[in-house]
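Chemist: Structure incoming, see below.
Taken together, the values in this text are just the output of simple stated rules run on the coordinates, not laboratory data. Computed from a predicted model, the values in this text were never measured in an experiment. Cβ sites come from the backbone with ideal geometry, for glycine too, and all protein chains shown count toward neighbours.
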Amino acid sequence: MTRPSFGAMARQQPQLTAGLVIVFLVVAFGPVGSVFVDTDLSRVGSAAANTSPSAEHPLGTDAAGRDLLAVMIAGTPLTLRIGFIAGAVGLGIGTLLGFIAGYFGGWIDTLIRGAADVLMTIPGLLFLVVLATSLQATVTVNMMALVVASLAWMIPTRTIRSQVLSMREAGYVQVARLSGLGDLEIIARELLPNLLPYLAASFVSAVGAAVLASIGLEALGLGPQNEPTLGMTIYWALYYTSLLRGIWWWWAPPIIMIVLIFVGLFLVSMGLDRIANPRMWKTP
Amino acid sequence: MSRADGRIALRVEDLRVHYHTERGPVRAVEGVSFELYAGERLGLVGESGSGKTTTAMALMRLIRAPGRIESGQVQLGDLELLSLSDEQMRQARFARISLIPQGVMNSLNPVMRVGAQITDTIQAHQEGLTREQLQERVHELLGFVELDPSTSRMYPHELSGGMKQRVGMAISVALKPQVIIADEPTSALDVVVQKRVMDTLFRVQRDLDAAVILVGHDMGLMAQCVDRLGVMYAGRLVEIGPIQQLLEQPQHPYTRLLVSSLPSLERKGVFRGIPGITPSLLDPPPGCPFHPRCPEAIDGCATRVPELLTVVAGLDGNDARHRQQAACHLHTGVDV
Amino acid sequence: MTAPLLEARQVRREFGGGLFERQRLVAVSGASLRLPQDRPVVVAIAGESGSGKTTLARLLLGMVPPTSGSILYEGTDLNELDRRQRKVFRRQVQAVFQDPFGVFNPFYRVDHTLTMPVAKFFPELSRAQRLERIEEGLRAVGLRAEETLGRYPHELSGGQRQRIMVTRALLLDPKVIVADEPVSMVDASLRATILESLFRIHQERNISLVYITHDLTTAYQLSHTILIMYQGNVVEVGDVDQVIKAPKHPYTQLLVRSIPFADTKRRWGEDPSEVSTEASVTSAQATAEIAESAQTVDVKESGTSDGGCPFADRCPQMMARCHQSNPPLVLTDPDRAAACYLYDDAPPLTEQQIGELSYGGLQDA
């Protein structure tokens, strides 16, 4: 079977392609933007306050004198970093626990499942708020990531566990046992590769959930105060009642960027689902 | 066997169904023609990929994209099925020609009582029946399939595999069709239940005075159940004729190999498999599709597609039901 | 006399029955079977779904432990094998499963299923030697390496996949292959080829086969002896000619009568020992046939029994005592036993004798 060209693949998977393009643009926005715009302008007091968009400040400035374009360019990568780290850590822990619980069963399954179930019932935001407020040190971006990750592992544990449960009895696993493979080898060589599309899709949704959780916390003021993340920008925009005061250039850009992030992630996840379940999608 | 008379219930001419994939058209059914006589049982046997199920679905016009009925004619009494509008076909489906699909027992709604599922089908085609009339019909149908009327209040999971299959049968014949197509009605069932389900199907056939097309791959089942048998290979009908004749004197090399590969209580330790693999329908071999595996291939088999010709005329030359036809260059055909 | 190669001694396997479950499902109830060391045999285990035949296969393969009774490999209980012995057992007892698709990991090409066991059990072989071994195995089942290796499972037909599975089984030079319904999910026209390759490797390589099936005809063709199972119980066992051509247990008789023969002169539902000379049976007989089988088929079977013969509810010759206790296997003929009170006067059998009967070795003793 010859490999199709990139263009052909792109046409076959419009959602995945569109999603990846959007995500790529969002991710590139920060690094590329910082070549053209001085990110120091994102600091407080860099320019006159509350000016509307102009040639000098294409997205205007906020009440603390920050150039908002610079804020966006500096802040987007930070928000993304929180999302990716939290998503990766959460999924990583969840995968490990899910495999162990699903494959081995017995008391270890009961233990892991019990822990996940109990912790899942705690209202996430409440837990995060308590955790965030009780942290004495100044919250940094990485700390935010770990805080969010602490509650991100439960759902992946459960979902991966159920995937493993259904794969555990598959014919090829029994054949592998008959061929002399041990349990760990079976997990690593037989089960894990088949879960890759599922893990990829889970990662995408984990990142999305992490971004949302972090923005939620930040909008309440519980984030890294000195960093211009998207959520913190919204927090400041709310704090300074920019909505009522008509300073639309303050709250609009972060919201648009957040929408783009979610749309991009959603399309990628739909696209991955389409690859994983081709029969559910009708051919044109 | 059955009360077949000379009337033709269904006539299929040159049916072609292709699946249009990215790699080209898959020729699932290539020019299949046959006649089904009123009251008879016609079997359609072949391995997977032979086109038998696709043929059954095409007769019901249930082929979905990327499959398409390319050409052909299907004459059911006064209706030419392939030229009907969608709405007309919808009305004809299940009312004039019906399908008992493969694995119908697994497609019963698990949260609806059996009786409700039957009335659903009836009401989709016939409005204005009162509750009493519907109840009566349900009991009548359950009686057709030899189930107790109390079954109508039960849920599918309370029934055994054979009983569920018969409920599926009842739903498919609710509107008393003249032609019933049964696609592997017993494939998932144990051999004892299998007999019961087939007995029921034929009782239904008798009661409705219908004709049955039985699609499957089990020659033993065919031998016990049908009057005539059609053998399909790579989308074509390669042989058709009365079942006993076909089994005792098969005229097509594929049929011969098929019959000799059947397990038998007379041949211990002897297995005669058919060598080679089934051809690709995307890129079929030129000429006769069986020629690469045929032990009796001659010159010309690789270049010309053989036509289905009458090889044995049968006792009564006028009665087409006794004719045995084969599509093979070894036979030149007999005038009838 | 040396210990049997593989033995099941009164094995029983139950499922469920924990604290919170109301009923236990008895999948296999007191089955005994033996495969001798000194010669290769083909033993069939036949039954319908729910008979316990697949569970018995898994017990023999050591994939599931028995609830009571034991499985012994060369005289040692499987539980008591040390790691090294276990590895030997694993190599000597191989399997072919029913589903030709589920047994392949869709992520890998089919080569993976073949290279994996060779790498595991013959690590000393070089890559070239391993490939040679695989190619030779493929040839033994009638496949060509260049047409099979390098492909993904979905690119091959069911028949080819199943033959690859047979190759996999014999790559390790086993002494026993347990084939669990190896052809029931394969097209009827391809079955003969696969069964032929199994039979040939039995004859040429002296490998014993345990052939699990619901198809009595192929069981007859392939095996020397047969066990008929019904709802976890072995109801008839012995020489395959006797069991199938002159069945004694009412269930076996029902099974044999229900085989659809590809012969229009042998009507479905008839006793195969009385083949009709007429081309068709009268409609009166046909109606009677329907009426009789009607009583025996509509029962939704459950896995539990109330202590009597499991077939009692469906048996046309049921007597009062059939509901009271489960009949044991008795020797109705020199090389066949049936578990039925109809043969009450026949001599009962010890577990050892049942084991020997199962491979046709009773008369040797």
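Chemist: Which pairs, out of B:K268/C:K245; B:K164/B:K195; B:K268/C:K248; B:K195/C:K53, put more than 19 Å between their alpha-carbon atoms?
Modeler: B:K268/C:K248; B:K195/C:K53
Chemist: Taking every DSSP beta bridge that has both residues in chain B, what percent is antiparallel when rounded to the nearest 5?
Modeler: 65
Chemist: Next question. Sketch the reach of a paramagnetic label on B:D319 as a point 7 Å from Cα along Cα-to-Cβ, and name the residues of region B:199-228 whose backbone nitrogen lies under 18 Å away.
Modeler: Backbone N within reach: B:211-212, B:226-228.
Chemist: Here is a further query. Loop only per DSSP, at most 15 neighbouring Cβ atoms within 10 Å: give me the GluC sites (Glu not before Pro) in region B:119-182, ordered by residue number.
Modeler: For GluC sites (Glu not before Pro) across region B:119-182 that sit outside H, G, I, E and B with at most 15 neighbouring Cβ atoms in 10 Å, the list reads B:E127.
Chemist: Taking the Cβ of B:P285 as the center, what net charge do the other residues with Cβ under 14 Å away carry, scoring Lys and Arg +1 and Asp and Glu -1?
Modeler: Its environment carries a net charge of +2.
Chemist: Nearest 10 degrees is fine. How inclined is helix A:192-219 to the longest principal axis of chain A, computing both from alpha carbons?
Modeler: 30
Chemist: Further, regarding this structure: What residue among B:I118, B:I277, B:I181 shows peak mean-square fluctuation when chain B is described by a Gaussian network model with Cα springs under 10 Å?
Modeler: Sorting by GNM fluctuation, first place goes to B:I277.
Chemist: Separate question: Loop only by DSSP, 11 or fewer other Cβ within 10 Å of the Cβ. Give me the GluC sites (Glu not before Pro) in region B:209-280 that pass, ordered by residue number.
Modeler: Of the GluC sites (Glu not before Pro), the ones in loops of region B:209-280 whose Cβ has at most 11 other Cβ atoms within 10 Å are B:E266.
Chemist: I've got another one for you. For a quick check, take a GNM of chain B with Cα springs below 10 Å and name the residue from B:S264, B:S152, B:S33 with the largest mean-square fluctuation.
Modeler: B:S264
Chemist: Just the number, please: percent antiparallel of the DSSP beta bridges in chain C, rounded to the nearest 5.
Modeler: 60
Chemist: Here is a follow-up. Normalised by the number of residues in region A:32-256, what is the relative contact order in percent for Cα pairs under 8 Å and 6+ residues apart?
Modeler: That works out to 27 percent.
Chemist: Where in region B:99-116 does the amide nitrogen come within less than 17 Å of the point 7 Å from the Cα of B:Y155, taken along Cα to Cβ?
Modeler: B:106-116
Chemist: A follow-up question, please. Cut-off is 10 Å between beta-carbons; in what order do A:E56, A:E185, C:E135 appear when sorted fewest neighbours first?
Modeler: A:E56, A:E185, C:E135
Chemist: Could you check which residue among A:P254, A:P193, A:P156 shows the biggest mean-square fluctuation in a GNM of chain A with a 10 Å Cα cutoff?
Modeler: Of the options given, A:P193 has the highest mean-square fluctuation.
Chemist: For chain C, what does the helix formula give at 222 nm: sum of -39500 (n - 2.57) over DSSP H segments with n ≥ 4, over the residue count, nearest 500 deg cm²/dmol?
Modeler: The helix-only estimate for chain C comes to -10500 deg cm²/dmol at 222 nm.
Chemist: Taking neighbour counts of Cβ atoms within 10 Å as a proxy for exposure, in what order, fewest first, do A:I122, A:I112 appear?
Modeler: A:I122, A:I112
Chemist: Just to be sure I understand: of the beta bridges DSSP finds with both ends in region B:157-271, what percent are antiparallel, rounded to 5?
Modeler: Of the beta bridges lying entirely in region B:157-271, close to 55 percent run antiparallel.
Chemist: In whole angstrom, how far apart do the alpha carbon centroids of region C:306-336 and region C:108-168 sit?
Modeler: The distance from the Cα centre of region C:306-336 to that of region C:108-168 comes to 47 Å.
Chemist: Ranking A:W249, A:W107 by Cβ neighbours within 10 Å, fewest first, what do you get?
Modeler: A:W107, A:W249
Chemist: Within region B:1-96, which GluC sites (Glu not before Pro) sit in a loop by DSSP and count at most 16 neighbouring Cβ atoms inside 10 Å?
Modeler: Here the GluC sites (Glu not before Pro) that fit, given the DSSP loop and packing criteria, are B:E22.
Chemist: Less than 18 Å apart at the alpha-carbon level, and either on another chain or at least 8 residues along: which lysines does that give for C:K175?
Modeler: C:K175 reaches C:K87, C:K120.
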